[in-house]
Amino acid sequence: MVKRIKSPGIITVFFVMLFSLFLLLPFVPLIIWSFTKYWPWPLLLPEKWSMDSWRYLFSASGRAGEGLFNSLIVAVLTLVGNMVLGIPAARVLAQNEFRGKMIVFSILLAPLFIPYTVSIMGMYDFAIRLDFINDYLSVAFAHLIITLPYFVATIWFQFRLIGAKYQEAAASLGASVSKIFFWIEWPLLLPAVLLGSFLVMVISFSQYLPTWIMSGGTMLTIPVVIFPFASSGNSSIVSAYSLLFFVPILVLMLVYFLLMRINSRKQFINRGEDIAIRTNKHSNQ
Amino acid sequence: MKKLSMCLAIFLLFLSGCSAGTKNNSQRVGENSLKSDWKEITASAKGSKVNFFMWGGDEGINRYIDEWVAPQLKDQYNIELKRYPMDAVEFINKLKTEKRANKKSGEMDVIWINGENFKTAKQEKLLLGPFTSKLPNFQQYVDTQSDDINYDFGFPTEGYEAPWGKVQFVFAYDSNKISNPPKSIDELQAWVKQNPGKFTYPAPPDFTGSAFIRHVLHEKSKDYNAYLSKYDEALLKGEADQVWNVLNEMKPSLWREGKSYPQSLSQLEQLYKNGEVWMTMGYDEANASNLIKTGEFPASTKTFVLDKGTLSNTHFLGIPYNAPNPDGAMTLINFLLSPSTQMKKMEIEYWGENMSLSVERLSDKDRDIVESIDRGSATISQEELSSHRIPEIGAEYVQWLERGWMENVANK
Amino acid sequence: MQLEQINIQINNESIIHSIDLKINSGEIFVLMGPSGSGKTTLLKGIAGLLPFTSGKQTWENGTGTTGLVFQEPRLFPHLTVLENISFGLKVRGIPAKERKKAAREFLKNLQLDGLEKRYPHQLSGGQQQRVSLGRALILNPDLLLLDEPFASLDTTLRQDLIEWLYDLQRKLSFSILWVTHYLDEALSVADRIGIILEGRLQQIGTPSKIFQNPDSEKIAQFLSLPNRFSKEQWSNWFQGELNVLPTLNRGWIDPNHLQLFAGEYNQDEDIREEFTCMIPAIVTKVRPSREGYSISVLAGNQSLDVNTTGWKRVPTVKEKIRIRVPFAQIHWYSE
Amino acid sequence: MWRINKKGYQINNYKGLLGILPALLFMLIFFIGGLFHSLTLSLERQPLAGQENRFWAYKELMNQSFLHSIMVTVGIAAAVAILSGISGLLAALFLAERSRKWKWLQIIFQLPIGIPHLLSAYLLMQVFMQSGWYSRLAFRLGLVDSMETFPVLIHDDWGIGIILAYMWKEVPFIVLLIYPFIVKLIADWKETAEVLGGSFSQTVRLVIVPILLPMWVGGMWVVFAFTLGAYEIPALLAKTSFGSIPVLAFQEYSQFGLERQPFAIAMNLVLAVISFLIGCLLIYFQMDWFKKGRRIW
């Protein structure tokens, strides 16, 4: 007889709860700090509250708006670069067999496995010679190096899941390569593209060193604006900035889940979770 | 695969070609500006944009630049000022790399530097050249003969940088917890022993921590003035052990038993704000007042100087060799040296820092205003500060001490 | 094993309705039904993968074990053949030596000797499914549950495996609850057949019983019995009242029992002492079969299928013919 | 049919391989090129600093304290990778088992992904330092009576603060990476294992984890390589003499003049080589696992 699934042990629940707290609790003092300037030990909550940090953030000096704007532009450019370079590359890697494939794949994923600091130190030297390129573009280039491995891996995996059967069916019906891509593969690829894009934008948002190097410190994205404060230890302002930094991430998350929901309503998707749901439905017959 | 290796080869050729080109010397864009007279300079600066690269970690300073200087500059000279927050070490490194890559037009117009940074910049020819003599306000209001204008950490400025402000090292303490602050390194040592865990200093090469150990040197040295002349490693080697002894004796009673030090002044201030330590320090006599005003420091915070004096230095503004707008840069620097701009800087509302101008050279009216400026509750009087001032020593000594501290104190 | 009044609901949707079923030891019980009828759900319920909403499951000896084999082999991809087969022993905590020995011995039954070190992706489809069966059988289940185990294999391989499994079952004499939708599979192994439609067990019986007396038109339709007509239609053709129980209101006849006559009606040909009728019809389709021809005709507006044996004469399409229907060969059932 | 095979869908078509070229060239030029350029920079002579030997930077690296630094850096990276890997796996399994009921848990586990490492170091410092929020909580709960009695977790001897901060960032990363696969694997194998009598924990141990292994280990490797080269967290949270190589390298790079930069780059290159070697070992294992059927797709 099959053993019925027991509910997970108290230890597991305890472990997960503890970990959730570990992840969640640091945000509490962050929020509090952004509303106070003075908060000594052992006060659990500060005695004096103040909106100064937030006021500063949105003053001419705070540059919250500028930072958000620049971060967004760079992230979008990085995303475009990922789409242009990443999707065709992932497609080839997923659908073709050729000599040296392992090597090519390794090179594309290399920034994941080799600390990229050293490469960026070399690029620093190199970046200066590329100063005819627009700042936004050159920063996006640096971000592209860091994000491309994630994007290619995500898309590659989805291409593998899709397999070649739909494409073959479409080809047998006379569809051209471009039509196959836009009519067949793209819709099936969409969930992975959404996930990949989410990752790319989030990673791009959080880059400090590459942004700094490639723009020579002139591209004021949010991390570049925050950094001097983070190292200056002005807890209140750093906290306010950190929370501000959180806004685009949350918006992105929201957009991502929204788009995923719209998409999964439209069609059956091969992502892991959906497979699970589908299998369950199947087994319910 | 053949194709790939070809591409790589081409790329490498490209790279080596670039590094070969580095060796040629370039002509300076800004040289023309240095030859022009003031009228031409201001005229050509009209309607331009100036990029000001400066440390960006202080809210008050940022507000001073963005909310007061920038609009005024726009009004009076029609120049757009853009502040970029960056540490001096970082933009000096950037300049070095740009120099090596032979980049003729950079991004920085004005940079905020002093000490080691200035020395590196000047030695490696990262600066435009002597320009201070061009500035009317420099000529009129700055004491061009004084040592703290002509030497920056013992290194001659020679007009390559213009003085923006003067600061003095002070210790800050919470008067609720300490009634009678120590007045010398010896007393400090004794105090630390009595109050274990309540004192520490930022780990050198942090700027403040580095300055703290120089105070130890100052007090233990037989002849501090010897350090003000030419670099002599033997001199320092002879006396350094005493410095390490003092610091190592202090160590067991420091915060975290000296096993770890705050990485920066900010971390030390954080410890002070949270009450982990009872004393902090800083190369800015008005900083404590400032932080009381913004509510970050307890109002009971007071500052003190050592009986034998504390270090003081001047910080400067420079123009990089590849500044895209040297005319605008000079106009901005001149504006920053005007009495009204400097007096605004003294106000605790923004920065609270002492001005680089000579008070004697100001008009009577301005002098009255300066005297009436409220510099905050924790700032000690100008007379007491001036009478406890000691000069900075050469940047080589500073670096030697920093490395020595890591070897002899941190890793012991 | 016995099931009493089993109900299964999933997400408040009722899938299985009050099923009673008894499976005797050593018998092969074949469960048939269209897709979506609840076969798999019932199997999973018996296997314990799904909870019964209500009802009782009992075993002759108090408790019993089941083994379930799915349509796809579902072999663990990271385990060798031997490890796959001994998986069930492993989770029961049987020491490595013993379970290896047991699995090796079992390999012979599975005709998989020499393949024990292979990984699943190095096996053919038939081999994979045999491993899958072996993995369940090595646990000596009291009842083996098969969920269309050979459906994804090609016909010859399927027949071979059915044969092999049948022999194995007769040798080891475990009982099987076998879900399939292949008639030939069902007929070649089943001791009894159960028909399940829309979550309800409609009829249970020996294969011949099920075919001769389907309990309802729905079952007849599911079994795709040929030449099904209502009693009225048959009465029309026989021109008179038929001697059948009033509850049985439909009848079907196998195409092999229909005879085809070409040309004019000849009284002499109809000499047998049988109750028959002749239906005039028009040939609409002629297809060759192994035995002869399989012919579709249209009688009025009713379509009938007729099989001829031998290859003598082939009626042509649109040819007018007559069909002889022996009343005794009609199987009656109720709607 | 012939026509389609000829000109239709391009599988195994040489032209079809063109799509990979832009991405490959990009990586070759910027990433590999940057690495290579760094290598040449690290081999520069520095006559001004009295360094005439081409390999001076590497020679200078060969000493006891750098060896110690390598051990510390690699040790921390390995500890972070393994701890994050195990916690991430457990958390992902838990989430996959009850993701429907506890959707909010998933959101919590994805929160740190968007936070840069710098801020994560900052966040953790705010709570774990002796005067931090947890210390205040402990005080309120009567667990400590002065801040000194709260355990030293930041700037401590063993790098606990560093490990905690990295785990705060990397566990969610591992969860994000393996969660969909775990969901898929559970869907694929839970029934099968159950039918054969396996309990859920046996299914996890004997089926899900082994099949997931290549992906899981790959994820830990990414964490390892990142931790090896990252600067922000040890810079903020390590004790002064901790000796994390990225921090040492950045100090040399930014604070001790241009002539020391080759030295800094050499330090980082050593890290890159370590990461690369471990990577090669891993690729070897991955190939072996792949042959043994441990793949998800």
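The values are calculated or read from the model by the stated rules, or taken from the named source; none is laboratory data. In this text, all values refer to a predicted model and were calculated from it rather than measured experimentally. FYI the Cβ positions are ideal-geometry reconstructions off the backbone, even for glycines, and counts take in every protein chain you see.
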If we ask which residues in the range B:386-412 are surrounded by 14 or more Cβ atoms within 10 Å (Cβ to Cβ) and closer than 20 Å to B:ASN313 by Cβ, their number turns out to be 16
In the set B:GLU383, B:GLU371, B:GLU360, the lone residue that is exposed (fewer than 15 other Cβ atoms within 10 Å of the Cβ), outside the structural domain of B:PHE212 (by TED's automatic domain parsing) and either basic (Lys, Arg) or within 24 Å of the chain's Cα centre (by Cα) (or both) is B:GLU383
In the range C:33-50, anything over 21 Å from the mean Cα position of the chain (by Cα) and without any contact (Cβ under 8 Å) to a residue 24 or more places away in the chain is listed as C:GLY48, C:LEU49
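Could you identify the single residue in C:LYS44, C:LYS90, C:LYS100, C:LYS56 that is in contact with a Leu (Cβ under 9 Å, 6 or more places away or on another chain), among the basic types (Lys, Arg) and over 24 Å from D:GLY198 (Cβ atoms)? Give the steps one after another, and end with the answer.
Numbers: C:LYS44 fails: over 24 Å from D:GLY198 (Cβ atoms); C:LYS90 fails: over 24 Å from D:GLY198 (Cβ atoms); C:LYS100 fails: over 24 Å from D:GLY198 (Cβ atoms).
Every option except C:LYS56 fails the conditions.
Please verify whether C:GLU13 is among the acidic types (Asp, Glu) and touching a residue at least 40 places away in the same chain (Cβ under 8 Å), treating the condition exactly as stated.
Details: among the acidic types (Asp, Glu): yes; touching a residue at least 40 places away in the same chain (Cβ under 8 Å): no.
No.
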Note on the range B:259-296: residues more than 7 Å from every other protein chain (Cβ to nearest Cβ) and among the aromatic types (Phe, Trp, Tyr) are B:TYR272, B:TRP278, B:TYR283
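Would you confirm, using the coordinates I've provided, whether D:GLU97 is farther than 27 Å from A:LEU148 by Cβ, charged (D, E, K, R) and within 14 Å of chain A (Cβ to nearest Cβ)? Quick ask: steps written out before the conclusion?
Values: farther than 27 Å from A:LEU148 by Cβ: yes; charged (D, E, K, R): yes; within 14 Å of chain A (Cβ to nearest Cβ): yes.
Against the criterion (farther than 27 Å from A:LEU148 by Cβ, charged (D, E, K, R) and within 14 Å of chain A (Cβ to nearest Cβ)), D:GLU97 qualifies.
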Picking from C:PRO141, C:PRO73, the residue that is crowded, with 20+ Cβ neighbours inside 10 Å and within 14 Å of chain A (Cβ to nearest Cβ) would be C:PRO141
Heads up, the helices (runs of 4 or more DSSP H) in the range D:203-297 (entirely inside) with at least 1 residues that are aromatic (Phe, Trp, Tyr) and surrounded by fewer than 24 Cβ atoms within 10 Å (Cβ to Cβ) are D:209-229, D:245-255, D:261-291
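Which of the residues that make up the range B:145-186 are of a type in the set (S, T, N, Q) and under 30 Å from B:SER221 (Cβ atoms)?
Within the range B:145-186, B:GLN145, B:SER146, B:ASN150, B:THR157, B:GLN168, B:ASN180, B:SER184 meet the criteria.
Per-residue answers, yes or no, for (1) part of a helix (DSSP H, G or I); (2) surrounded by 20 or more Cβ atoms within 10 Å (Cβ to Cβ); (3) more than 13 Å from chain A (Cβ to nearest Cβ); (4) among the polar types (S, T, N, Q):
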{"site": "B:LYS74", "(1), (2), (3), (4)": "yes, no, no, no"}
{"site": "B:LEU81", "(1), (2), (3), (4)": "no, yes, no, no"}
{"site": "B:LYS94", "(1), (2), (3), (4)": "yes, yes, no, no"}
{"site": "B:LYS104", "(1), (2), (3), (4)": "no, no, no, no"}
{"site": "B:TRP112", "(1), (2), (3), (4)": "no, yes, no, no"}
Test result for C:ILE94, closer than 23 Å to C:THR40 by Cα and of a type in the set (A, V, I, L, M, F, W, C):
no
Counting only residues that are under 20 Å from A:TRP39 (Cα atoms) and in contact (Cβ under 8 Å) with a residue 60 or more places away in the chain, the range D:101-158 contains a total of 5
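Out of the residues in the range D:186-245 that are β-branched (Val, Ile, Thr) and within 8 Å of another protein chain (Cβ to nearest Cβ), which is nearest to D:LEU153 (Cα to Cα)? It would help to see each step written out before you state the result.
The first filter runs over the range D:186-245 and keeps only residues β-branched (Val, Ile, Thr), leaving D:186, D:192, D:195, D:203-204, D:207-209, D:211, D:217, D:222-223, D:227, D:233, D:240, D:245.
Narrowing the set further to residues that are within 8 Å of another protein chain (Cβ to nearest Cβ) leaves D:186, D:192, D:195, D:207, D:211, D:222, D:240.
Values: D:ILE186: 38, D:THR192: 46, D:VAL195: 48, D:VAL207: 38, D:ILE211: 37, D:VAL222: 25, D:THR240: 14 Å.
Here the residue is D:THR240.
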Open item on the list: Looking for something closer than 20 Å to B:SER340 by Cβ, of a type outside the set (Asp, Glu) and assigned to a helix (DSSP H, G or I) - is there at least one such residue anywhere in the range B:51-61?
Closed with: yes
Here the residues within the range A:203-219 that are surrounded by fewer than 24 Cβ atoms within 10 Å (Cβ to Cβ) and facing chain B (nearest Cβ under 7 Å) are A:GLY217, A:THR218
Going by the conditions given, is A:LEU21 at the interface with chain D (Cβ under 10 Å from one of its Cβ atoms), assigned to a helix (DSSP H, G or I), touching a Pro at 6+ places or on another chain (Cβ under 6 Å) and not aromatic (Phe, Trp, Tyr)? no
Quick count over the range A:36-88, residues being among the hydrophobic types (A, V, I, L, M, F, W, C), within 14 Å of chain D (Cβ to nearest Cβ), crowded, with 19+ Cβ neighbours inside 10 Å and more than 21 Å from the chain's Cα centre (by Cα), is 2
Counting only residues in the range B:173-222 that are closer than 28 Å to B:GLU90 by Cβ and among the charged types (D, E, K, R), the one modelled with the highest pLDDT is identified as B:ARG214
Exercise. Do we have B:THR314 as within 22 Å of the chain's Cα centre (by Cα), in a helix (DSSP H, G or I), at negative phi and β-branched (Val, Ile, Thr) here?
Worked result: no
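Given the criteria within 8 Å of chain A (Cβ to nearest Cβ), of a type in the set (S, T, N, Q) and touching a residue at least 40 places away in the same chain (Cβ under 8 Å), does D:SER275 qualify? Show your work before the answer.
Details: within 8 Å of chain A (Cβ to nearest Cβ): yes; of a type in the set (S, T, N, Q): yes; touching a residue at least 40 places away in the same chain (Cβ under 8 Å): yes.
Yes, satisfied.
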